[in-house]
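One structure below.
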Amino acid sequence: MANQKKQKQQAQQYQSFEEKRETKRPILLNCIKAFLVGGFICFIGQLITTFYIYFFNFTEQTAGSPTTATLIFITMLLTGFGLYDRIGQFAGAGSAVPITGFGNAVISSAIEHRTEGFIVGVGTNMFKVAGPVIVYGVFAAFVVALIKTIFLQLGGS
């Protein structure tokens, strides 16, 4: 019994010791950086959309797909040159939340496993990180569409 008390006291002392030496994270600053970088990425996406609308005669609805593809392509280039990792270190979730985070996840896995070959390395490992995002994204879209359909069938506007 005395041994258990001593162990509990040591654990509490260690926890106190650890809390005093823990690095304090600048949470507010990190949130501001994530907000600004995520917003800037979305701003670039809006510029690309506007470019497609005015120079290629897309509509607002049809400009979404090429804009997404362009953002993913730019992200893959930046990831390949090692620049997107620096953006991610600075911005945190601000760089991971938009579609660019998806592009980064795909290309990072592909680059990491390229030495194993195109089929076994790149092909099988490319979607390990992004695959669950695709699965749950599609599932969430299905659930939202189902709820909307039920709502409209019940007389909602």
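For region 27-126, the relative contact order comes to 29 percent (Cα pairs under 8 Å, sequence separation of at least 6).
Taking a straight line from the alpha carbon of K128, these aspartates and glutamates sit under 20 Å away, with near neighbours fewer than eight places off in the same chain left out: D85, E112, E116.
Multiplying the residue separation of F127 and R86 by 0.36 nm and removing their Cα-Cα distance gives an extension gain of 12.6 nm. The packing ranking of peptides 99-106, 11-18, highest mean first, is 99-106, 11-18, where packing means the average number of other beta carbon atoms within 10 angstrom of each residue. In the chain, helices alone account for a calculated mean residue ellipticity at 222 nm of -25000 deg cm²/dmol, with every DSSP H run of four or more residues adding -39,500 (n - 2.57). Helices assigned as whole DSSP H runs in the chain whose Cα atoms extend at least 27 Å along their own long axis and whose mean Kyte-Doolittle hydropathy is 1.6 or higher are found at 27-56, 130-153.
Mind jotting down the distance between the C-alpha centroids of region 89-157 and region 1-65, whole Å? Cα centroid of region 1-65 versus Cα centroid of region 89-157: 18 Å apart.
Using bins of 10 Å that start at zero, the share of Cα-Cα pairs per bin across region 47-96 amounts to 26, 38, 28, 9, in whole %. For the pair N57 and Q153, the difference between a 0.36 nm per residue extended length and the Cα-Cα distance amounts to 31.0 nm. A viscosity of 1.002 mPa s and a temperature of 20 °C, combined with the Kirkwood radius over C-alpha pairs in the Stokes-Einstein formula, give region 1-82 a diffusion coefficient of 124 µm²/s.
From largest to smallest, the equivalent ellipsoid semi-axes obtained for the chain from the alpha-carbon gyration tensor read 40, 25, 21 Å. Every pair of different Cα atoms in region 79-157 enters the Kirkwood calculation, which places the hydrodynamic radius at 14.7 Å.
The lysine pair tally for region 1-96, using Cα distances under 23 Å and a gap of 8 or more places or different chains, is 4.
The numbers here are math on the coordinates, done by the rules we state, and not lab data. Just so it is clear, the model here is predicted, and its values are computed rather than measured. Note: ideal-geometry Cβ built from the backbone for every residue, glycine included; neighbour counts use all protein chains shown.
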